[in-house]
Amino acid sequence: IEAIEAVDIVLVTFNRLNFLKHTVEKIYERTLYPHRLWVVDNNSTDGTQEWLKGAKINGFVHDYVFLPKNMGLAYGLSEGFKKVKSEYFITTQDDVVPPDMRPCWLERMLHLAKENPDYGGIAMRIQRIRHRDVDEKKNLIESSTSLASFLRIQRREDIERIGGFGDRAHWESVSFMNRMKPLKKKLGVATHLYCDHTGFMPDNKGFAEGFTDYKTYAKERVTQGRDQPYPDIDPRTLIPLKINTSRDGREQAKRDEYWRYWGLDDRKSDDRTSAQLLLTQYAREGHGIDIGCGKIKVHDNAIGVDIYPYGDSVDVLANGNDLWMFKDGELDFVVASHSLEHFPDTKEVLGEWKRVLRDGGVMALAVVNGEGHPEAIRGARKVVLTGKILQTILKDELGMRIGRAGRPAVTPRRKDEAESVMIVATK
C-alpha cells in the first residue's frame, strides 16, 4: 500500500472566534485527504486561544501557534510555515470554508498543483473575482497582480527559496505576488473549485461592532456586504447560482454559457427517461459511474458524474472527458445516456472511459441516432453519432467487444428520444 503524505494546512486567525469555529468545523468535516491543520493566532482577545486548546484535545486541529502581538496575515503565515513538512501545503484564513466534494477539495487542489508545475500558487475561487479574465473552459484563471490565501496551495521548496511570506501587515495577497516574482512562476485561481468567503457579507467583516484594530480595516468596507452582496451559492459545491447585484452579471453569464455549452438537463419531472431505463440493468451491480447523470441517475447504485451541481444525483462534480479521480481499471461499468454527443472528440472521450474500466467491465451507451436525425447536432450536441460509428470506434479503435447494438425495443417517453441507438461493449 502506497503511503500518502499528509498535507499541512496553515490557518491564521484574529478575534473572529465565531468564524474560526465554523471554518475549522467545515475543514474537519470536508477534508478527506490526510492533513494537519495548524492554527496561528495573532494574539486574539475574544476567547480564541482557550477554544483552540480544547479543539486540539478533541482532534479538530493538529496544533496551534500563539503569537504575542497581531502582526497581520503575512507574518502569521511565515510563523506557521515553520511547522510545514509536506511538499505541498495550504495557506488560508479564518473566514474561508471549503466545499463538500468527492474527491475532496484538498485532493483536487493537489491534482491541479501537480498538473501545473509552472504555477507557484493556486488559490480557490470565491463568490466574486474582480479584474480577472475568466475563461470557464480552462482549469485555471491566471492572476498576475495578487493571489489571496483562499485555501491556496504552494510548494514548500518555493516558499523556502523566497524566505517565507514576509511581514507586510496589509493585504498579503499583493505581498505574496511580489515575493514570488523572482521565481518566475505564474499565479492562478482554480476556475471550478469554489470556497465560501464567509467574512465578506457581515458588517465590519465579522469583527465586533466598533472594533477597528485589525490590519485590513477600511471605513468604506464596513458595510460592503450589504452594499455589494455576494451571489447565492450551492450549499455543497459552493458554486454561485444566483446573483444579487448587477456587478456579478458578467461573471455569472460566463458560468451560464459554460454550462449551456456542455448541455443542461431540462427535464421537468424526476422520472428516468426510456434510455435510462434501458441502461439500468448495466448499473445495478458493481462499482461504476453514470456520466452526465443530470437530475437523476440511470440507477441509484451508480456514481453520478456531471459538471453542474444538480443536487444529490451528482456525486462527483467533474467533466466526463477527464476522469483523473478514477484509477486505471477501477470500475465495473460506465453508463451514459445522451451525454456522449456533447463531447467534441468522441474517440478521445471513449478512450478515457475505457481506461477506467477493468478487464471484463461494461460500457453501456445511449445516443441520438444521427443516421435518421442529423439535425441532432443542434444545441449543445457537438457530434452526430450512429450505431455503426460507435461500433467502429469501440471495436476497431479501442479493441472492445460489442455485446449489443441497435435501437431500443421500447417506446420512448420523450419525443427527442424517438430515434435513439444503444450500444453495449465489454473491455
Those residues of the stretch 266-298 which are open to solvent by 50 Å² or more (accessible area, probe 1.4 Å) and either at pLDDT 95 or above or under 24 Å from Glu352 (Cβ atoms) (or both), in sequence order: Gln281, Tyr282, Arg284, Glu285, His287, Lys295
Pick from the stretch 109-119, criterion in contact (Cβ under 8 Å) with a residue 40 or more places away in the chain and out of contact with any Phe, Trp or Tyr (no Cβ under 9 Å at 6 or more places or on another chain), ranking: surrounded by the fewest Cβ atoms within 10 Å (Cβ to Cβ): Asp118
Some residue of the stretch 211-228 being farther than 22 Å from His131 by Cα, more than 26 Å from the chain's Cα centre (by Cα), among the β-branched types (Val, Ile, Thr) and open to solvent by 20 Å² or more (accessible area, probe 1.4 Å): yes
Filter result for Lys85 (basic (Lys, Arg) and closer than 21 Å to Asp158 by Cβ): yes
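Tell me, which residue of the stretch 378-394 that is loosely packed, with under 15 Cβ neighbours inside 10 Å and part of a helix (DSSP H, G or I) is modelled with the lowest pLDDT?
Lys388
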Members of the stretch 308-335 that are in contact (Cβ under 8 Å) with a residue 60 or more places away in the chain and crowded, with 22+ Cβ neighbours inside 10 Å: Leu317
Whichever residue in the stretch 61-72 is open to solvent by 40 Å² or more (accessible area, probe 1.4 Å) and more than 15 Å from Ala6 (Cα to Cα) and, among such residues, is nearest to the chain's Cα centre (by Cα): Tyr64
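Take the residues in the stretch 1-11 that are among the hydrophobic types (A, V, I, L, M, F, W, C) and open to solvent by 30 Å² or more (accessible area, probe 1.4 Å), then tell me which one is nearest to Cys104 (Cα to Cα).
That would be Ile4.
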Count of residues meeting criterion [open to solvent by 30 Å² or more (accessible area, probe 1.4 Å) and assigned to a helix (DSSP H, G or I)] in the stretch 34-58: 6
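In the stretch 59-85, which residues are among the polar types (S, T, N, Q) and not in a helix (DSSP H, G or I)?
Residues of the stretch 59-85 that are among the polar types (S, T, N, Q), as a first pass: 70, 78.
Scanning the stretch 59-85 gives a single hit, Asn70.
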Single match in Ile153, Ile129, Ile162 (criterion: among the hydrophobic types (A, V, I, L, M, F, W, C) and buried (at least 20 other Cβ atoms within 10 Å of the Cβ)): Ile153
Strands (runs of 3 or more DSSP E) completely within the stretch 240-346 that count 3 or more residues being under 30 Å from Tyr230 (Cβ atoms) and within 17 Å of the chain's Cα centre (by Cα): 303-306
Some residue of the stretch 194-202 being out of contact with any Leu (no Cβ under 8 Å at 6 or more places or on another chain), free of Cβ contacts under 8 Å to residues at least 24 places away in the same chain and within 30 Å of Leu17 (Cβ to Cβ): yes
Count of the stretch 242-253 residues which are in contact (Cβ under 8 Å) with a residue 12 or more places away in the chain and open to solvent by 50 Å² or more (accessible area, probe 1.4 Å): 3
Qualifying residue in the stretch 334-344 (condition: out of contact with any strand residue (DSSP E or B) (no Cβ under 6 Å at 6 or more places or on another chain) and under 23 Å from Cys104 (Cα atoms)): no
Where a residue in the stretch 215-237 is without any contact (Cβ under 8 Å) to a residue 60 or more places away in the chain and its partner, wherever it lies, is of a type in the set (Phe, Trp, Tyr), with Cβ under 6 Å and at least six apart: Gly225/Phe200
Condition met for Pro235 (more than 24 Å from Gly403 (Cα to Cα), in contact with a Ser or Thr (Cβ under 7 Å, 6 or more places away or on another chain) and part of a loop (DSSP other than H, G, I, E, B)): no
Qualifying residue in the stretch 356-373 (condition: within 24 Å of the chain's Cα centre (by Cα) and crowded, with 20+ Cβ neighbours inside 10 Å): yes
Residue pairs meeting the criteria (Cβ under 9 Å; at least 6 apart or on separate chains; first closer than 19 Å to Ala148 by Cα, in the stretch 1-24; second at pLDDT below 95 and hydroxyl-bearing (Ser, Thr, Tyr)): Phe14/Tyr214; Arg16/Tyr214
Whichever residue in the stretch 338-351 is closer than 30 Å to Pro235 by Cα and open to solvent by 20 Å² or more (accessible area, probe 1.4 Å) and, among such residues, is modelled with the highest pLDDT: His342
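For the stretch 12-33, which residues satisfy the criterion of being assigned to a helix (DSSP H, G or I) and either in contact with a Phe, Trp or Tyr (Cβ under 7 Å, 6 or more places away or on another chain) or surrounded by fewer than 18 Cβ atoms within 10 Å (Cβ to Cβ) (or both)?
Leu17, Asn18, Lys21, His22, Val24, Glu25, Tyr28, Glu29, Arg30
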Matching residues in the stretch 79-108 - criterion: being closer than 21 Å to Thr48 by Cα, open to solvent by 20 Å² or more (accessible area, probe 1.4 Å) and of a type outside the set (Asp, Glu): Phe81, Lys83, Gln93
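The values are calculated or read from the model by the stated rules, or taken from the named source; none is laboratory data. No experiment lies behind these values; they were computed from the predicted model shown. Quick reminder, even Gly has a Cβ in these numbers, built from the backbone with ideal geometry, and neighbours come from all protein chains shown. Side chains are part of the model used for accessible areas, which takes the heavy atoms of the whole protein and leaves out ligands, DNA and RNA. Shrake-Rupley method; radii C 1.70, N 1.55, O 1.52, S 1.80 Å.
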